Amino acid sequence: MNAPDTPAPTDLDFETRARLEQHLDAVEDVLRRYQQPRSTRNAIVDELENQIRESLAERVQDRAPTLDELNTLLTEMDPPEAYARNSIDLASLPSTFSFPGEDPPRFNRATAAGLIWIGWWALASMFLMTLIAIEVAPEVTSPNPNVYNPHINRVVEMQATHAYQTWWGVLIIIFLCIPGLIAPVATTILGWLGITQIQQSADEQYGIGFAAFNATFFPLLLTNAATLVLVGGIFTSMVQRSDTALLTLIIISLLTLALLVTIDRIAIRRVWNYAARLS
Amino acid sequence: MKSWSAQLRKGLVELAVLAALRNEEAYGYQLLQKLNALPAFSLTESTVYPLLARLTKDELVSVRVGPSPHGPPRRYYQLTTAGQQHLDEMKTHWQQLTKSFDDLLENAP
């Protein structure tokens, strides 16, 4: 069964080697685009290089193969695109014969946790704003809203208390709002964790789009908010010196919108490109 | 007919690769040549090498790296115990299937 170990051909010349590497790179690129992990890509490309070199060695015996000979061989072999088709086929067929007990692909847990945390953040934000907005009337916190103060020798009216200053407001903040408000950090971390886990799972986990969403949602929200604050400040200073406030507002609003769309688009595209390929 | 034949071959690739490794280890190109020597069962490298990578990941085959006179080190594949069990299950299934189809085809009008 062993193939004959013919002597190694002398090193390929520059052009031939470059053509070989171009072919191998093209195959690896296809495998990367179809989300094959690095170890898989390396294994496949190494096998392919071995095959090409051994086939060339069998053909030319003890001299160095030429570029034409390599090109002829490559035309007889599968083109790089063939690895895409087979990557999909093999990934979608975990086993040609299915046996009981094989797990189907599952949604990534870190991504699911990140999505839940975003929901929690939205809920917590609403609760916090409500707690800040609500004022608790004095009679709720005290049986007598008007209290005699002996130090100043007169009756004073008790101030209304904010809901977040009450014991139940504090409890809500501790158990609901604080976990919700650390969501920006937690969700971003979970997003990147999800991307990494999905990439390394070789199609055993899914949800890469949601993981990318988790990874970008809060950073983009923060970036957009910071941009708006900055532009708002610039606008305020410009309006003080301008008689055409409305026109300035329209121009700045359009420029800001264009800037935000550009920033968001670049960021989303970069994260998605990273997420869509495998490390 | 051509498409049907291709689909059938595709479904048998894993069984063929595991069966080819049943008695002896082989490196990728060597395995490809062995499978291509089977009549009516030609496979290409873009099918076999990704499959070998997956079988390795699934721990159905193990890999031993050895020197190559021509390029990167050769990767010699060998069935693991799990791979042997998997092959036995596939073989049983395949034999039942072929027997059923033999009966069906022989009794066909």
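Scanning the range B:77-93 for any residue that is within 16 Å of B:Glu24 (Cα to Cα) and at the interface with chain A (Cβ under 8 Å from one of its Cβ atoms) turns up nothing. Taking residues in the range A:14-37 that are free of Cβ contacts under 8 Å to residues at least 24 places away in the same chain, and partners anywhere that are exposed (fewer than 14 other Cβ atoms within 10 Å of the Cβ), the pairs with Cβ atoms closer than 9 Å and at least 6 places apart or on different chains are A:Arg17/A:Asp11.
Condition check ((1) surrounded by fewer than 19 Cβ atoms within 10 Å (Cβ to Cβ); (2) in contact with a Leu (Cβ under 6 Å, 6 or more places away or on another chain); (3) over 18 Å from A:Arg41 (Cα atoms)) across all residues:
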| site | (1), (2), (3) |
| --- | --- |
| B:Ser42 | yes, no, yes |
| B:Ser46 | no, no, no |
| B:Leu52 | no, no, no |
| B:Asp58 | yes, no, no |
| B:Pro67 | yes, no, yes |
| B:Arg74 | no, no, no |
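For the range B:26-56, a residue qualifies if it is in a loop (DSSP other than H, G, I, E, B) and at the interface with another protein chain (Cβ under 9 Å from one of its Cβ atoms), and exactly one does: B:Thr44.
Within the range A:71-123, the set of residues being part of a loop (DSSP other than H, G, I, E, B) and at pLDDT below 65 comprises A:Leu93, A:Pro94, A:Ser95, A:Thr96, A:Phe97, A:Ser98, A:Phe99, A:Pro100, A:Gly101, A:Glu102, A:Asp103.
Do you know which residues across the range A:42-73 are more than 7 Å from chain B (Cβ to nearest Cβ) and either buried (at least 17 other Cβ atoms within 10 Å of the Cβ) or basic (Lys, Arg) (or both)?
A:Val45, A:Ile52, A:Ser55, A:Leu56, A:Arg59, A:Arg63, A:Pro65, A:Leu70, A:Leu73
Does the range A:31-41 hold any residues that are more than 11 Å from every other protein chain (Cβ to nearest Cβ) and not basic (Lys, Arg), and which are they? If the condition is that a residue be more than 11 Å from every other protein chain (Cβ to nearest Cβ) and not basic (Lys, Arg), then A:Gln35 is the only one that fits. Would you please name the residue that is surrounded by the most Cβ atoms within 10 Å (Cβ to Cβ), looking only at residues in the range B:9-25 that are without any contact (Cβ under 8 Å) to a residue 40 or more places away in the chain and more than 9 Å from chain A (Cβ to nearest Cβ)? It comes out as B:Val17.
Check the range A:35-44 and report whether any residue there is basic (Lys, Arg) and either in contact with a helix residue (DSSP H, G or I) (Cβ under 7 Å, 6 or more places away or on another chain) or modelled with pLDDT of 90 or more (or both).
There is at least one residue in the range A:35-44 that is basic (Lys, Arg) and either in contact with a helix residue (DSSP H, G or I) (Cβ under 7 Å, 6 or more places away or on another chain) or modelled with pLDDT of 90 or more (or both).
With respect to the conditions (1) in contact with a strand residue (DSSP E or B) (Cβ under 6 Å, 6 or more places away or on another chain); (2) assigned to a helix (DSSP H, G or I); (3) of a type in the set (S, T, N, Q), B:Ser62 lacks only one, and its number is (2).
Residues being touching a His at 6+ places or on another chain (Cβ under 9 Å) and at pLDDT 90 or above are entirely absent from the range B:89-97.
The condition of being buried (at least 20 other Cβ atoms within 10 Å of the Cβ), modelled with pLDDT under 90 and either in a helix (DSSP H, G or I) or small (Gly, Ala, Ser) (or both) holds for only one of A:Leu20, A:Leu31, that being A:Leu31.
The values are calculated or read from the model by the stated rules, or taken from the named source; none is laboratory data. Since this is a predicted model, take the numbers as computed values, not measurements. Don't worry about glycine lacking a Cβ; one is built from the backbone with ideal geometry, like all the others, and counts go over all protein chains shown.
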